[in-house]
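Below is one structure, written out as structure tokens; comments come after it.
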Amino acid sequence: MVTPAMLLCVLSYFFLLAAAIKPRIFEPRIFDKEATGFGPIFEEEPLDTVYAEDSPENKISMNCRARANPPAIIKWWLNNWEIKLMEQPDEHFSLVGGNLVITNPDKGKHAGKYVCVAKNVYGTVISKEATVKFGYLNQFPTDEREPVHVKEGQGAVLLCSPPSRYPSEVLFRWIYNDFPNFIIPDQRRFVSQTTGNMYIAKVEASDVGNYSCFVSSPTIGKSVFSMPIPLLPQIEKEVKRYPADIRVKFPKTYALVHQNITLECFALGNPLPHIRWRKLDADLPPNYEVSMNGALLHLINVQYEDEGSYECETLNVKGMDWYRQWLYVEGAPEWAEHINDTEKDVGSELTLRCVAVGKPLPWIRWLKDGYSYGKGELKFSSLTFEDSGMYQCVAENEWGTIYASAELRVVSCAPTFIYNPVKKVLLGAENGRVVIECKPRAAPKPKFIWKRGSELLTNSSRMLIWDDGSLEILNVSKSDEGSYTCYAENDRGKSNSTGTLTITEATKITVAPSDTEAVVGDTMILQCSASFDPSLDITFIWTVDSYVINFYTDFEHYELLMVSRDRNLRRAGISGRQVISLYSMCVFLQGHENRGDLLIKNIQVRHAGHYSCTAQTIVDNATAEADVSVKGLPGPPGGVRVEEIGDTSVKLRWSLGSDHGSSLIQHVVQTRDFYALDPEDWKTASTSPVFLDGSMESATVINLYPWMQYEFRVHAINEFGAGENSRPSIKIKTWDARPTVAPSEVIGQVGISGELIVTWTPVKPQFFFGKKFGYVVAFKQHEDSEWKWTTVEDPETRRYVYKESMTPDTEIQVKVSTYNNKGEGPSSLISVVYSPRLAPTEAPLDVYARQVTSTEALVWWLPVYQSPPNWVDGYQIRYWRKYDDNEAAASRVIVHRTVNQTRLENMRPDSHYLIEVRAFNGAGLGPPSEHCEMFTRRPPPSRLLRVYKYVSFNRKWLYLYWDHIYNYWNESYVEGYKILFRKEGERYGKLYTTGRHYIDFPMPETGDYIIEVRARCEGGDGPISQIRVQGKASLGPESLSVAAVLLLALGWMNLGL
């Protein structure tokens, strides 16, 4: 009978047993190789947040998500204090998933640094810090602003004095009189995005008004503006000129690598100053842009080499000003090497290492399970289970902090051969070497014992047991055959595994390839024969300079000839498409002795080298080698470098290339300058001496342009012809010199208001020969002894106007010369122009106009021929709509006296126009011609075409068709269609015209194409419709075209009938 005491005792025993067993059932196996869990890995970390103080949204969400098995517990820290939501509930904080939500944020309580902590049984990781700051933008003071008084022609600065704010990054604009009439910055007005001030380089009378500074914070979505500042220009009888004066100066700037940076520079002055940028001792970075008429220099994707001193230069005819400052480029930390999840045996050694790059150089510290754990490298001499956990490597400098996380798992287990047993069948070649691997899974590392049958094996001159357990046997023979057993044991247990060793006949090369010399284009055979064990298969592998020849891909020049012992010849790689064996570079043969000769067809210089033939079985191999030399074109010279640089010459040096068996006869130097249009636009250079023989390794390159960027290359010539070019030299720039080229086509004329107009064809940039290139325009009356002159600093300028009226009935001489920082160059031929006394007295005759499109027309007239003092300098053409426009607002075109026709543009469609032509000279306009009347054409239809395409079943043809478009009563008649077939990314292509509404093309082989279709009308071309086409190679598996599907459908219908 069971008493209550006995029952109580039994129940107590089971409860104790359950308590003892429970941890083993539910606790993860974190120290076992079979453990399947893993520590926390962040998938989303909190980000820096700016919360607007007056935001209508009354919460902040800090996101955090971690992947882990078992799932991680998420906690949050604020300013190094844990937010204990369970123990100390807070009405402001709540946890949603792993995200921390802050309701009704308070600046005093909730601003600071937040960290997310994720933890499970494998360890703990902490996120990178995220700051919460409260953004604000205060109002401007309500005090009235003092008016700004400034003389007309002088510069002015309107101070913004922005209110306090966070963040400091805001957008500045200025309001003129009323909101939202914003000032648009131009060459005369500039708004600094650093201070907010507005700068007016030259004040004009029209600038009078009230100006308010407008500040916008895109981060918090708020804008404020100041009280108006009255600007009161003082009108001057004679507006004075002032030299350039830089008022906006970019400060010493620190930029982060890969970011974009903008430098500001603006000057006051009259005339308006011209702004130029340069980098001292180097060119501006290739990725720069200039905007705001030169006031802003944008450096895109800044690199470390962009660091340096930058200079802003402003100039006008009254003077020049310049400013320079340093740009420093630094970088936030980036990983060059970081830690990864690691599993190590207990008791083993380990070094954890992280390397980060940045500027300044980041420093490294470590965290283990969220706590500080040292600096630099972490070294473990003997790992224990306590070393397991989540490790974080932290790299930081003043520009940022980055984290790398990894799990270290220290494990142990008894030896087992389940996953990697000793091979059951072991083969070894007679007199060769055999290694039998013994690699059980075990931790800590086990001790190893080997037995052959029942014989215990120990280290000797022929046998060696390696530290990893493998058994090495040297000079094996038939007597070494038998079964071998590996025993492994550690403190967790022991195990063993057995394999059987069989000894085969050794493989030997019987006929080896011999050294050979060939000429380019020859065909040759390298012989190779081998003997081997008849129970095995053999493979012949050929290499050249350690490169394995692939007979599948290299079939054009290489072929494997195989001969087995029955003397049958077989060839591998003839077609290049047949796979001969399991590997395209190998061929398997059976027998006792076989050959695998190498056939080299149409041999080239690149095929010269050290060839090796390897006869390979699964047991051993044998190798024989031979050298093949090829006579042919010389190889490229090496190390082309510039040693001495002048203005028109450089000293060039190089190393001799390979002559490939034929003596070098000559060297040729080629150059490519900065303005080469094509990457392969190389030109043969002039050298001293003129002829460079094959032994020369230096030369002087002459007749170069000064101040030009060049690169050089060299090639050699032998009896077979010109060889391969060397690699280009480093780009260099020749020294500067005075210009030697004068402007051409210098023409002078006196304008309608009596001003002198001088035009010329600008000098090409390659003839600038130095910095600060410009033009000197000189002119004088015939009887004067001294020339009046002025400088034009823009090298692209082709026109100068002297606005003072010229003395009537005078001969004027004009010439233009060039200059740069080295001095003045030659002058052009003198051009003679006459200042007329009287305006032309005759009107152009027979004015005739013809429509071209709905917005363009051509007009002709008979020229006016008059002798002094009424000669003609040019013609003025006016045109306006007869009933809709005011004649005073007519459009005007002015042409030179040598022209008697021109094109009229920007006309209104379907309109009645009047056209008038007048001759003019410096004394004024002549009488008008009779009005020519014409009607512009109706406009083309404005509707887009609907375009369709399909591809033929065999993919050889592309069919295109579109809906025919009909014109309305007020539109031009559609005469046909234009189809432009062009490659994507290119502007030009092949143009087709047709009167039908369909067309077909041969299907392109490769690439992407754009087809443009538009209506062709007498009033011009209609809008463009585009369709994209992919070449055959881009298409997927063959599919039925529309036409094919229709044919099949009809066929099925007939079968159904």
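The values are calculated or read from the model by the stated rules, or taken from the named source; none is laboratory data. Everything numeric in this text was worked out from a predicted model, so none of it was measured. Because the Cβ atoms are built from the backbone with ideal geometry, glycine has one as well, and the counts that use them run over all protein chains shown. In case anyone asks, the SASA skips ligands and DNA or RNA and just uses the protein heavy atoms, side chains included. Shrake-Rupley method; radii C 1.70, N 1.55, O 1.52, S 1.80 Å.
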For this session: Taking the dipole about the Cα centre of the chain, with the C-beta of Lys and Arg at +1 and of Asp and Glu at -1, give me whichever of Asn718, Tyr558, Gly521 is farthest to the positive side.
Result: Tyr558
Exercise. Hey, got a sec? Which GluC sites (Glu not before Pro) in region 800-833 land in a DSSP loop and have at most 15 other Cβ atoms within 10 Å?
Worked result: Glu804
For this session: Find, among the GluC sites (Glu not before Pro) in region 995-1025, those assigned to loop by DSSP (not H, G, I, E, B) with at most 16 other beta-carbon atoms within 10 angstrom.
Result: Glu1005, Glu1018
Problem set entry | Unit charges at the beta carbon, dipole of region 706-793: most positive-side option, Ser785, Ala742, Val758 | Ala742
Exercise. For helix 1042-1056, what angle does its Cα long axis make with the longest principal axis of the chain, in degrees from 0 to 90 and rounded to 10?
Worked result: 60
Problem set entry | Neighbourhood net charge (14 Å Cβ-Cβ; Lys/Arg +1, Asp/Glu -1) for Val974 | +2
Exercise. Treating the beta-carbon of each Lys and Arg as +1 and of each Asp and Glu as -1, no other charges, what is the dipole magnitude of the chain about its Cα centre, to the nearest 20 debye?
Worked result: 1320
Exercise. Protein chains only, probe 1.4 Å: how do Val777, Val832, Val690 rank by accessible area, largest first?
Worked result: Val690, Val832, Val777
For this session: Among the lysines, select those whose C-alpha is under 18 Å from the C-alpha of Lys59, and discard any that sit fewer than 8 residues away in the same chain.
Result: Lys107, Lys109, Lys113, Lys133
Exercise. Which loop-located GluC sites (Glu not before Pro) does region 252-356 contain, where loop means any DSSP state but H, G, I, E or B and the Cβ has at most 12 other Cβ atoms within 10 Å?
Worked result: Glu349
For this session: Could I have the simple spin-label model distance between Ser382 and Thr194, label points 7 Å from Cα toward Cβ, reported in nm to one decimal?
Result: 6.3
For this session: Starting from the residue with the highest accessible area, list Glu144, Glu43 in decreasing order, probe 1.4 Å.
Result: Glu144, Glu43
Exercise. So how far apart, in nm, are the two label points at Ser483 and Tyr304 if each is 7 Å from Cα heading toward Cβ?
Worked result: 6.4
For this session: With a/c under 1.5 counting as rounded, go ahead and sort region 122-259 into rounded, prolate or oblate using the C-alpha gyration tensor (a ≥ b ≥ c being the square roots of the eigenvalues; past the cut-off, prolate if a/b is larger than b/c, else oblate).
Result: prolate
For this session: With all protein chains present, calculate the accessible area of Ser695 using a 1.4 Å probe and round the result to the nearest 10 Å².
Result: 80
Exercise. Given Cα pairs under 8 Å that are at least 6 residues apart, what percent is the relative contact order of the chain?
Worked result: 4
Exercise. Does region 835-885 come out rounded, prolate or oblate by the C-alpha gyration tensor, with a ≥ b ≥ c the root eigenvalues, rounded set by a/c under 1.5 and, if not, prolate when a/b is larger than b/c and oblate if not?
Worked result: prolate
Exercise. Can you run phi through the Karplus equation (6.51, -1.76, 1.60; θ = phi - 60°) for region 171-187 and list ³J(HN,Hα) in whole Hz, with x for Gly and Pro?
Worked result: 10, 9, 9, 10, 9, 9, 6, 10, 6, x, 7, 8, 5, 9, x, 8, 5
For this session: Give me the number: length gained by fully extending Tyr328 to Asn79, i.e. 0.36 nm times residue separation minus the C-alpha to C-alpha distance, one decimal in nm.
Result: 86.4 nm
Seminar exercise, completed: Per the C-alpha gyration tensor (a ≥ b ≥ c, the square roots of its eigenvalues), region 24-167 is rounded if a/c is under 1.5, else prolate if a/b beats b/c, else oblate; here it's prolate
Exercise. At 222 nm, what helix-only mean residue ellipticity would the chain give, in deg cm²/dmol to the nearest 500, using -39500 (n - 2.57) for each DSSP H run of four or more?
Worked result: -1500 deg cm²/dmol
Exercise. For Asp283, what accessible area in Å² do you get when you roll a 1.4 Å probe over the heavy atoms of the protein chains, rounding to the nearest 10?
Worked result: 100
Exercise. Which FRET efficiency, nearest 0.05, do Thr510 and Gln604 yield, Cβ-Cβ r, R0 30 Å?
Worked result: 0.50
For this session: Please get the size of the charge dipole for region 352-453, origin at its Cα centre, with Cβ charges of +1 on Lys and Arg and -1 on Asp and Glu, quoted in debye to the nearest 20.
Result: 700
Exercise. Relative to the Cα centre, what is the charge dipole magnitude of region 33-119, using +1 at the beta carbon of each Lys and Arg, -1 at the beta carbon of each Asp and Glu, and rounding to the nearest 20 debye?
Worked result: 360
Exercise. Can you list the HN-Hα couplings for region 104-111, worked out from phi with the Karplus curve (6.51, -1.76, 1.60; θ = phi - 60°), rounded to whole Hz and with x for Gly and Pro?
Worked result: 6, x, 10, 4, x, 9, 10, 6
Seminar exercise, completed: By accessible area (1.4 Å), largest first, Tyr114, Tyr800 order as Tyr800, Tyr114
Exercise. By a straight-distance test (C-alpha under 17 Å), which aspartates and glutamates pair with Lys733 as possible cross-link partners, with residues fewer than eight away in the same chain excluded?
Worked result: Asp281, Asp283, Glu643, Glu644, Asp647, Asp673, Glu711
Exercise. Taking the Cβ of Gly926 as the center, what net charge do the other residues with Cβ under 14 Å away carry, scoring Lys and Arg +1 and Asp and Glu -1?
Worked result: 0
Exercise. Accessible area of Met907, 1.4 Å probe, to the nearest 10 Å²?
Worked result: 10
